[in-house]
Structure formats: C-alpha cells, structure tokens
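The values are calculated or read from the model by the stated rules, or taken from the named source; none is laboratory data. Values in this document were obtained by computation on a predicted structure and should not be read as measured data. Using ideal geometry, Cβ is built from the backbone for each residue, glycine included, and neighbour counts are taken over all protein chains shown. Only protein heavy atoms, including side chains, enter the accessible area calculation; ligands, DNA and RNA are left aside. Shrake-Rupley method; radii C 1.70, N 1.55, O 1.52, S 1.80 Å.
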Amino acid sequence: MQLLGCEGQYVNVGFLIDGSASMDLSGSGHFNKTLEFVKGFIEYLDVSKERAHVGLAIFSSDVYQVFNFGDYHNSTEAIAAVNNAYFPKQGRHIGKALNYVRHKMFSSNTLRKDVSNYLVLITTGSSYDLIRTPAKILRDRNVTVFAVGVGDDYDEEDLKEISSSDQVYGTSFDGLKDLKKELKKQICFCKFFL
C-alpha cells in the first residue's frame with residue numbers, strides 16, 4: 001500500500017522541538033535534521049484554512065513559538081517558516097515547554113471543535129524540570145502526544161510520562177525519516193481503519 005498525504009484530514013498538529021545545546025553535541029547538524037523531519041511531515045498534511053493546521057515551538061531553557069495553528073494556510077508557507085527557526089542551544093525544560101504549548105497552541109481559543117489534536121515532541125535527553133503534571137493536563141485536553149527520543153541519551157521513562165507508552169518512539173537522527181512514515185500512519189490513517 002502506498003502512503004499518500006493526509007488529504008482531507010481535519011487535524012491540528014503541533015511540533016515541539018528540543019533546542020538544547022545537547023542537540024548538536026553528539027553530531028553537527030542534528031537540530032537541522034529535526035527541522036527537516038518537521039518540514040517533511042508538513043508536506044504530508046493538507047494544510048489549509050479548513051483542513052490541517054500546523055504549529056511549531058522550540059524549547060530549551062525558554063520556549064519560543066515559530067508559528068501557531070492558523071498562521072499559515074498552505075504547506076509552502078509553513079515550510080518556509082520552519083527554515084527561520086532559531087536554535088537556542090541552552091537547557092532542556094520539557095515541563096515548561098508542555099505548559100507553553102498547552103496555553104499557546106492547544107488553548108480553548110486556538111482550537112477548532114471536532115478536530116483531532118496531536119503534538120509531536122522530539123527531545124535528546126532528560127528534562128531539567130518536572131513533566132508529569134504538565135503532560136497529564138495536556139493529554140486531558142484531548143491532545144494525543146507522540147514523544148520521540150532521538151540519539152543515545154534520551155530518557156525513556158520521561159517519554160512514557162509525557163505520552164502513553166504506545167506513543168513513545170526512540171530513534172537515531174537518521175531514523176527520523178522512517179519515523180515520519182510511522183507517525184503519519186498514526187495521525188492520518190487511524191480514523192479510516194477504526
């Protein structure tokens with residue numbers, strides 16, 4: 001079966017990307033590989049005013065939003081915005097980042113009714129702050145969180161706390177390409193087979 005794009009899907013897909021200094025410690029260009037993952041995933045989606053909405057935030061010691069749901073109504077503009085993402089190279093505060101996206105991306109005034117909400121979090125290591133409560137509150141808001149650990153130093157227990165255990169993935173930076181296909185199936189095709 002050939003996997004096509006997510007044509008016609010009404011979804012909000014947020015990306016929360018680790019911008020800590022450790023992202024590039026194990027190899028130059030790893031931060032850019034995560035951005036390539038995001039751009040490739042956006043290409044799969046039917047980004048428009050009515051269909052798929054995408055958002056991107058980068059976290060380290062602080063969080064900054066590159067763009068939010070509804071800022072761009074086509075994949076080309078959203079992908080161009082990903083190219084402008086800043087690499088902060090500081091600490092790793094995942095709990096703070098989860099609270100941020102809950103208030104900024106997945107708040108009641110930014111979400112559309114009857115639309116599935118997903119967050120793809122990519123990190124290279126353990127959080128420097130508490131994550132259990134922020135993760136639970138976000139999931140309780142009906143946001144499906146895919147927690148992705150990349151490289152050799154991520155904490156699988158942290159990822160399980162962030163997401164449910166069947167939505168936890170570990171991969172290499174080069175493996176992000178294959179993971180993109182798996183997550184696409186989870187987000188775009190699960191409704192058709194239920």
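Loop-located chymotrypsin sites (Phe, Trp or Tyr not before Pro) in the range 61-112 (DSSP state not H, G, I, E or B) with no more than 12 neighbouring Cβ atoms inside 10 Å: Tyr86. Summary of the geometry: the range 125-194 and the range 48-103, compared by the centres of their Cα atoms, lie 16 Å apart.
The DSSP beta bridges internal to the range 1-121 are antiparallel in roughly 20% of cases.
Taking the protein heavy atoms of the chain in the context of the full set of protein chains, the accessible area attributed to carbon and sulfur is 46 percent at 1.4 Å.
A Cα-only calculation for the range 1-157 places Rg and Dmax at 14.9, 42 Å. Length gained on full extension, Thr76 to Glu50, computed as 0.36 nm times the residue gap minus the Cα-Cα distance: 7.8 nm.
Remark: the range 14-61 carries 32 Å² of accessible area per residue (probe radius 1.4 Å; ligands, DNA and RNA excluded). Per-residue ellipticity at 222 nm from helix content only, as computed over the chain with -39500 (n - 2.57) for each DSSP H run of at least four residues, stands at -9000 deg cm²/dmol. Kirkwood Rh over Cα pairs of the range 144-184 into Stokes-Einstein at 25 °C, 0.890 mPa s: D in µm²/s? Rounded, D is 238 µm²/s. Per Stokes-Einstein, at 25 °C and 0.890 mPa s, what whole-number D in µm² s⁻¹ belongs to the range 1-83, with the Kirkwood radius over Cα pairs as the hydrodynamic radius? Taking Rh from Cα pairs, D becomes 183 µm²/s. Considering only Gly95, Gly29, Gly170, the Gaussian network model of the chain with Cα springs below 10 Å gives its largest mean-square fluctuation to Gly29.
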